[in-house]
1. May I ask what percent, to the nearest 5, of DSSP beta bridges between residues of the chain are antiparallel?
2. Could you give the length gained by full extension between residue 72 and residue 585, i.e. 0.36 nm per residue of separation minus their alpha carbon distance, to one decimal place?
3. Per-residue ellipticity at 222 nm for the chain, helices alone: DSSP H runs ≥ 4 residues times -39500 (n - 2.57), over residue total, nearest 500 deg cm²/dmol?
4. Taking R0 as 35 Å, what FRET efficiency do you get between residue 250 and residue 98 from their Cβ-Cβ distance, rounded to the nearest 0.05?
5. Once you sort the root eigenvalues of the Cα gyration tensor of the stretch 1-139 as a ≥ b ≥ c, which label holds: rounded (a/c under 1.5), prolate (a/b larger than b/c) or oblate (the other case)?
6. Considering every pair of different Cα atoms, what Kirkwood radius, in Å, is found for the chain?
7. Where does helix 310-320 land angle-wise versus the long Cα axis of the chain, in degrees 0 to 90, nearest 10?
8. Can you put 574, 80 in order of Cβ neighbours within 10 angstrom, beginning with the fewest?
């Protein structure tokens, strides 16, 4: 686990290039505190930088950037290849010898032997890397299948290409020009995160999961092309059926046990995040089943019982016999953690569970260097309640012709304009609703638009949008980003609407929210987090299950609950899903109110020059005075304003269409 960076920059002389690579690497020190290295090709101006968090092969033989045995390839690698020992055995059988026992050495020699795409297809793990083919003059950027590890890149009109694990590494290059992307802010406010391939800065993108990006460096300026080496749809479409529920569950259990056995291999201390939920409890149970000593487990609790799962985690830890650590996130400490967020998440990021995630990573790092988590279970096993809510809503809407629904929607919106004062506002006021007229108009407009929703994609985007009302807090941005706007097409392989919703979340919400949250928080503390449920073999086993089995008893994650019951009594985990949220509603009216007042002041909002200031001020007043709970709509704006202030208040670029980066016109292998 490490941090990587580099560039294609022909205008630098070798001495300056080496110093600049060192400066870019220095920005990654938290991701890699155990070593550093740089490499530079003066012919085409290709530079690689690396910061090391030593997990496997702690010797100098694991140092990077690393060359293949034949000298053709140079690599800077971030992540873990869990099946590297079997790949090493295959290469050794073909005559390769090795200096050390790192997974990086196996990967770079595998690329030299099989070719880059074939090697990546064989490699099961989490990773982002840059590999330079000195013979062909091609720099390849790669990202793992689920998007566990980040990889940004920047390309300007002079032909300068920068890449790195963080935007901070890119900003060390003097030619990097940060201008805030208007479309990205609009997406952030709607989704709570900046969806790939967008980035908060103009001319900057994210390599998408399961992709290879090739940069040809021999021409007058770098040219980019993209190819897909893996997709969830292909994985889901190639699984063979099994005979009965038990056969499916046994196969899933065996696969997960094998994956966990591989992922606990490390030359540094290892533990697990244990929230008390189904996913983390199952991973912890499997770890304990294959470990010869008590697993170290870590839990964050809240004093507000509506959000606290610590007692459940404690009971499961006691049953499994783990060495358990429990820490509570106090409301007064929230402001301290918020102050760190712009440094932790170098893009603005607005999943409020970032706060307990940051704390659990800090606590775990005191005792371990590697931790396993249960991330990925909801997206592969139908764990989110919103799936059923969306399917129920679409089931009610779909039988009615779209033209009729649109007409009814126009009528409701017209009622909102013409009659809210006459009857609905007084009715709401009678029930104690303050600001009743505006609330009445907003409600009628919302339901009018809801009736006119054209398809499941639009409906799901509305239901998962932070700004579900008709307001547009970032004027000129898309009101409700569709899945197509996010670069997520409806899967051709999905046999039902539930699988479609899951695949949409796997393609966007999982890599751009859940995995961003965990990676940035953990690596800020130099902690490696592994997610066994996202191993490609685990994904294949999960998506081989019949959709009906996922919700066999009317709730999601039926297979995981059945497997967990083999290790833990059901009484310890059968309860309503809570998630990993914080009491944001109360905190914004209490210990965080002063901070929010400052961030959402008219002066600060006007200085940003991007928001509908009166609208946001109204929403904040409604929340602060306990008229409405607007915490979900305000949190993305608060996170942006905190980030914007720390990052020097760069100017906001004018609106642009949501795009997919310069690689979108490239080739595809599938």
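Read the figures in this text as sums done on the coordinates, not as results from a lab. Please read all numbers here as calculations on a predicted model, not as lab measurements. Virtual Cβ from ideal backbone geometry, glycine too; neighbours counted across all protein chains shown.
1. Numbers: 54 of 71 bridges.
Antiparallel bridges make up about 75 percent of those DSSP assigns within the chain.
2. On the way: separation 513, 0.36 × 513 = 184.68 nm, distance 5.62 nm.
Once the chain is fully extended between residue 72 and residue 585, it gains 179.1 nm.
3. Numbers: 28 runs with 282 residues, N = 670.
That comes out to -12500 deg cm²/dmol.
4. Working: r = 36 Å, r/R0 = 1.04.
Plugging the Cβ-Cβ distance into 1/(1 + (r/R0)^6) gives 0.45.
5. Working: a/c = 2.08, a/b = 1.37, b/c = 1.52.
Oblate.
6. Values: mean 1/r = 0.0384 Å⁻¹.
The answer is 26.1 Å.
7. 40 degrees
8. Values: 574 12, 80 26.
The order, fewest Cβ neighbours first, is 574, 80.
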